[in-house]
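Reviewing the structure listed below.
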Amino acid sequence: MHLSNEQLERYSRQIILKEIGAKGQKRLLTSRVLIIGAGGLGSPAAMYLAAAGVGTIGIADDDVVDLSNLQRQIIHATQDVGRAKVDSARERILAINPEVQVETWPGRVSSGNILDMISGYDFILDGTDNFPSKFLINDACVMAGKAFSHAGIIRFQGQLMTVVPGKSPCYRCIFRDIPPQDAVPSCREAGVIGSMAGVIGSLQAMEAVKYLCGIGELLTGCLLTCDALEMNFRKVELPARGKGCAVCADEPEIRELSGYEQPACGRP
Amino acid sequence: MGEETYSVDETVDVTDVVCPVTFVKAYSALEEMREGQVLCVRMNGDQTVQDVPGSLKQEGHQILKLFDNNDGTYSLIVRKTGD
């Protein structure tokens, strides 16, 4: 594979980074990343990964663009209201970088389809907004041995961790099980500032680039928390992988995907 | 410069791009090569001839020779150092 003059120009600012170089750029160009959720987190992540030249980007989302999304979901624009998010996201990605192959997954991610969905990708980004999906993505990625980035945001807060199955603690190692519905913030409590999604989603893209290029230290074995009101970033060290974890212990209790269904807010 | 004997292993033409891609193109070509191999960079006699040799030297590569092709272009001979 030979980088064209146009590619050398488009990616010049990262090719001249010693850690990336032409070698890293070629890796990015042949990499496949799946972004689950084309919302607040998925928007900046998809746009930065597209701009960086990740060869194939999968976008999974079953929702349509709503006016109330635009405050944080910057991959979509006002004229996209009512369109499928995967279509709107694809269009924006191609506008940024027509070289990217975009694969769209317009159905709802479920225990029935997720293993098939993630199987063709090198790295997965969790950009979902609910606990059942986060546990489903975690468990599926652990079972399939796929590295992924977990993230969550609410109000002025965000959290982020990278999971490399078999090597680092997973989401379930820390959070154990899907919280009961009444423990989950209600719509009234679930406000979020758009730039929080920008910060955390961009960090997810950063982890993806590092993982794909094999550089730096991944955010594994710890959880990064961000409190933007106080502007505190904390890196909380996590206990070792697998101890008593239902999915990533050496002898896991969970061996198949089921029981992730919980009605989402605003859905029948 | 000019005293050391060398044979060119690879050639890259950066006359078709402008700064900073001139450097990026030469840099990427060197990255593909093995330590000790010699690259000939053909470049325009504008700012490029001022910038690229210095930038490659900064990267630790060894500049062996720069000569005027008498057609508005220059050839820079550089040996890859480090891997």
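Points to keep in mind about this one:
- Of the trypsin sites (Lys or Arg not before Pro) found in the range A:4-61, those that fall in a DSSP loop while having at most 11 other beta-carbon atoms within 10 Å are A:LYS18.
- For the chain pair A and B, the buried solvent-accessible surface (1.4 Å probe, both sides summed) amounts to about 900 Å².
- Chain A - percent of accessible surface contributed by carbon and sulfur, probe 1.4 Å: 52
- Solvent exposure of B:MET43, expressed as accessible area, is near 0 Å², computed with a probe of 1.4 Å over the protein chains only.
- Anisotropy class of chain B from Cα gyration tensor, a/c 1.5 cut: oblate
- Contact-buried residues of the range A:1-43, at a threshold of 20 Å² lost accessible area versus the chain by itself: A:ASN5, A:LEU8, A:GLU9, A:SER12, A:ARG13, A:ILE15, A:ILE16, A:ALA22, A:LYS26 (1.4 Å probe; DNA, RNA and ligands ignored).
- Accessible area in square angstrom per residue, the protein assembly as shown, 1.4 angstrom probe: 49
- Amide H within-cut-off set for A:VAL64, under 5 Å, with H built and near neighbours excluded: A:LYS85
- The largest accessible area among A:ASP129, B:ASP71 belongs to the first residue in A:ASP129, B:ASP71, and the rest follow in falling order (1.4 Å probe, all chains).
- Note on surface exposure: B:GLU59, B:GLU35, A:GLU237 rank A:GLU237, B:GLU35, B:GLU59 by accessible area, highest first, 1.4 Å probe.
- For A:CYS213, the solvent-accessible surface with a 1.4 Å probe is about 10 Å², rounded to the nearest 10.
- From phi via Karplus (6.51, -1.76, 1.60), per-residue ³J(HN,Hα) for the range A:159-165 in Hz, x at Gly/Pro: 9, 8, 8, 10, 10, 10, x
- For the range B:10-83 versus the range A:159-216, the gap between their alpha-carbon centres in whole angstrom: 44
- Taking the inverse of the mean 1/r over every pair of distinct Cα atoms in the range A:123-268 gives a Kirkwood hydrodynamic radius of 15.9 Å.
- The portion of the accessible surface of the range B:10-79 made up by carbon and sulfur, rounded to a whole percent, is 43 (1.4 Å probe; DNA, RNA and ligands excluded).
- Chain B: calculated mean residue ellipticity at 222 nm from DSSP helix runs of at least 4, using -39500 (n - 2.57): -8500 deg cm²/dmol
- Prolate/oblate/rounded label for the range A:15-237 (Cα gyration tensor, a/c 1.5): rounded
- Phi-based couplings in Hz for the range A:219-227 (Karplus 6.51, -1.76, 1.60; Gly and Pro marked x): 7, 9, x, 8, 10, 8, 10, 10, 10
- Restricting attention to the range B:10-79, close to 75% of DSSP beta bridges with both partner residues there are antiparallel.
- Derived scalar couplings between HN and Hα for the range A:131-144 equal 5, x, 5, 5, 5, 4, 5, 4, 5, 5, 5, 4, 4, 8 Hz in order, rounded to whole Hz, by the Karplus curve 6.51 cos²θ - 1.76 cosθ + 1.60 (θ = phi - 60°), x for Gly and Pro.
- For the range B:10-53, accessible area lost to neighbouring protein chains reaches 30 Å² or more, against the chain alone with a 1.4 Å probe, at B:PRO20, B:VAL21, B:VAL24, B:LYS25, B:TYR27, B:SER28, B:GLU31, B:GLU32.
The values are calculated or read from the model by the stated rules, or taken from the named source; none is laboratory data. Here the structure is a predicted model, which is why all the values come from computation and not from measurement. Positions of Cβ are generated from backbone atoms using ideal geometry, with glycine treated the same way; all protein chains shown enter the neighbour counts. Ligands, DNA and RNA are excluded from the accessible area calculation, which covers all protein heavy atoms including side chains. Shrake-Rupley method; radii C 1.70, N 1.55, O 1.52, S 1.80 Å.
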